[in-house]
Amino acid sequence: MADILVFCEVADGAVKKSARELLGKAQQLCDGDDVVAAVLGDSLSGVADGLGAWGADKVVTVEADILGSYVPGAYASALHQVVDDVQPDVVLASASVIGKDLLPRVAALAEAGCASDVVDLREGDDGIEGTRPLYAGKVLANVSIEDTAFFTVRPNSFVIEDIEEKDGEVEELDADLEDDYGYEVVDVQTSGGDSIDLAEADRIISGGRSLKSEENFAILQSAADTIGAAVGASRAAVDAGYAPHSMQVGQTGKTVNPSLYIAAGISGAIQHLAGMRTSKVIVAINKDADAPIFQHSTYGIVGDLFEVVPMLEQEFAALD
């Protein structure tokens with residue numbers, strides 16, 4: 001029903017796993033039409049070769065020195081030229097920090113509409129339609145866009161199991177890019193080391209101010225390691241200096257959408273709920289039986305997190 005272009009974000013020399021989710025969903029929606037992957041970077045040798053197994057009929061790459069780091073003007077120009085070349089009906093990207101900045105820029109260059117942070121995509125009367133949360137997730141809005149439709153998609157929105165493997169033939173596009181877009185990226189410093197990206201994590205254990213210290217976050221990290229989860233934090237914990245801002249989940253932090261979200265010692269302020277309300281299963285741990293988080297949780301445990309989390313870790317380990 002529609003040719004779909006998927007922007008596949010590259011990090012640390014590999015395509016991020018969110019690309020598989022988007023390509024798989026695109027294959028479900030295209031109904032026999034083409035799914036095209038777009039990959040941008042400065043050294044893409046071998047990076048795009050496996051995208052056929054993720055459902056891409058074709059892969060279009062743009063390789064240039066200026067694309068070695070995320071320079072908005074360069075990336076927007078490059079992806080816009082890919083859009084002009086492919087002429088898709090729909091363009092998808094992950095609702096990552098880069099995706100949410102890049103796709104509206106490209107949509108503006110293409111004089112098209114863009115819907116951000118959608119959690120569902122489907123075939124509608126007028127083409128592909130999206131659903132996006134509004135008012136901190138209290139309501140869901142259906143969004144349709146005339147002509148070419150651009151959507152950024154919240155990671156972990158779809159369960160993609162069977163993907164038909166395609167040829168994934170790689171084609172390099174010789175894009176016309178400038179050497180200077182007004183500034184240059186001198187260095188990129190990341191926090192969190194080898195930890196799992198919160199935005200893409202399928203399981204998350206978050207802690208609040210009740211953890212009382214930065215050192216006590218090791219309790220959550222130990223439990224998280226047993227199930228391959230990422231560790232997050234509430235704004236209160238970050239403001240208290242117990243965790244870096246890169247771990248913050250909430251309206252002024254990261255929006256996450258995991259299959260499992262464990263909130264340990266988090267009261268459930270609206271600011272925090274805005275960042276994790278769409279999680280599939282929410283488990284709340286709090287000593288206060290009247291904590292607001294219990295009103296939004298799938299399961300609730302009234303108890304001391306310093307006792308409950310180690311017990312959960314033991315049960316997680318027993319599952320292996």
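FYI, it's all coordinate maths here, none of it is from the lab. Small disclaimer: the values here were computed from a predicted structure and weren't measured. A quick note on method: Cβ atoms are made from the backbone with ideal geometry, for glycine too, and the neighbour counts reach across all protein chains shown.
Here are some notes:
- Among the residues of region 154-179, those identified as assigned to a strand (DSSP E or B) and out of contact with any Gly (no Cβ under 8 Å at 6 or more places or on another chain) are VAL170, GLU171, GLU172.
- Close pairs from region 171-188: first over 20 Å from VAL82 (Cβ atoms), partner part of a loop (DSSP other than H, G, I, E, B) and not hydroxyl-bearing (Ser, Thr, Tyr), Cβ under 7 Å, at least 6 apart: VAL185/VAL71
- Top-ranked residue of region 1-21 - restricted to ones that are among the aliphatic types (A, V, I, L, M) and under 16 Å from VAL60 (Cα atoms), ranked as nearest to the chain's Cα centre (by Cα): ALA19
- Condition met for ALA269 (among the aliphatic types (A, V, I, L, M) and surrounded by 19 or more Cβ atoms within 10 Å (Cβ to Cβ)): no
- Elements of the type helices (runs of 4 or more DSSP H) sitting completely within region 192-280 and holding at least 1 residues that are of a type in the set (Phe, Trp, Tyr): these cover 217-227.
- Boolean, GLY207 is in contact with a strand residue (DSSP E or B) (Cβ under 9 Å, 6 or more places away or on another chain), within 29 Å of HIS80 (Cβ to Cβ) and of a type in the set (Gly, Ala, Ser): no
- Within region 290-318, residues that are closer than 21 Å to ALA269 by Cα reach partners that are of a type in the set (Val, Ile, Thr) and exposed (fewer than 14 other Cβ atoms within 10 Å of the Cβ) with beta carbons closer than 8 Å, at six or more positions or on different chains, in the pairs THR298/VAL281; TYR299/VAL281.
- Exactly one residue out of ALA237, ALA199, ALA230 is under 30 Å from CYS30 (Cα atoms), in contact with a strand residue (DSSP E or B) (Cβ under 7 Å, 6 or more places away or on another chain) and surrounded by 16 or more Cβ atoms within 10 Å (Cβ to Cβ), and it is ALA199.
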